[in-house]
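**Q** Below: one structure in structure tokens.
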């Protein structure tokens, strides 16, 4: 398996990741003043808000619309969330709808590095000729405080995987070996691509609709 060269860059530590449990607790209770805030506090708090927003959505959607509708909404949000992001990276790389394991690894590492210290637990992806593999010990879409919402995490992630496949003609499937919402200690997911000799190459500008 291969990883990108940046995995050895020691400067890629994550602000907020080393914030003590006592400081995290102070933030949760708002028992802190503006003058005490550091970059670590700010980055941790913003990441925590992303996680809290997902949990609030799951709970409110179930209360308002019922579990079946809430699951359908979670899945559709995931489909747009995953598919649109990956499609943007492929387009930026001149590879619209024509990905490969390395492109997926680049995408996974990028998004996991910009969404907070908990998401950064998924760094760094590995890849070979047909697979991109992501392992993580933590997930911003799952909360240990609300394990019952794991069914929505599952629906959201299933939607994400549908979005990935829809955005890339070379991507066959996403395999979930184990995940936090199942009660596992961590997650392992494999993005499975067509063999190199079967994959479609980059589109021409005409095929991609570029003028």
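**Q** Just need log10 I(q)/I(0) for the stretch 25-166 at q = 0.16, 0.19 Å⁻¹, Debye formula, equal scatterers on the alpha-carbon atoms, no solvent, rounded to two decimals.
**A** Log-scaled intensity ratios, in q order: -0.94, -1.17.
**Q** Give me the angle, in degrees from 0 to 90, between the Cα long axis of helix 101-113 and the longest principal axis of the Cα atoms of the chain, rounded to the nearest 10.
**A** Result, in degrees: 20.
**Q** Still on this structure, I have one more. Can you tell me the orientation of helix 150-167 relative to the chain, as the angle in degrees between its alpha-carbon axis and the longest Cα principal axis, to the nearest 10?
**A** It is inclined by approximately 30 degrees.
**Q** Given a 10 angstrom Cα cut-off, can you work out which residue in 61, 122, 158 is the most mobile in a GNM of the chain?
**A** 61
**Q** Based on the mean of other beta carbon atoms within 10 Å per residue, what is the order of 15-22, 92-99, most packed first?
**A** Packing order, densest peptide first, comes out as 92-99, 15-22.
**Q** Then there is this: Residue 137 to residue 80: FRET efficiency via 1/(1 + (r/R0)^6), r the Cβ-Cβ distance, R0 25 Å, to the nearest 0.05?
**A** Numbers: r = 27 Å, r/R0 = 1.06.
Rounded to the nearest 0.05, the efficiency is 0.40.
Computed from the coordinates by the stated procedures, all read-outs in this text should not be read as laboratory data. Bear in mind that the values here come from a model prediction, so they are computed numbers and not experimental data. Positions of Cβ are generated from backbone atoms using ideal geometry, with glycine treated the same way; all protein chains shown enter the neighbour counts.
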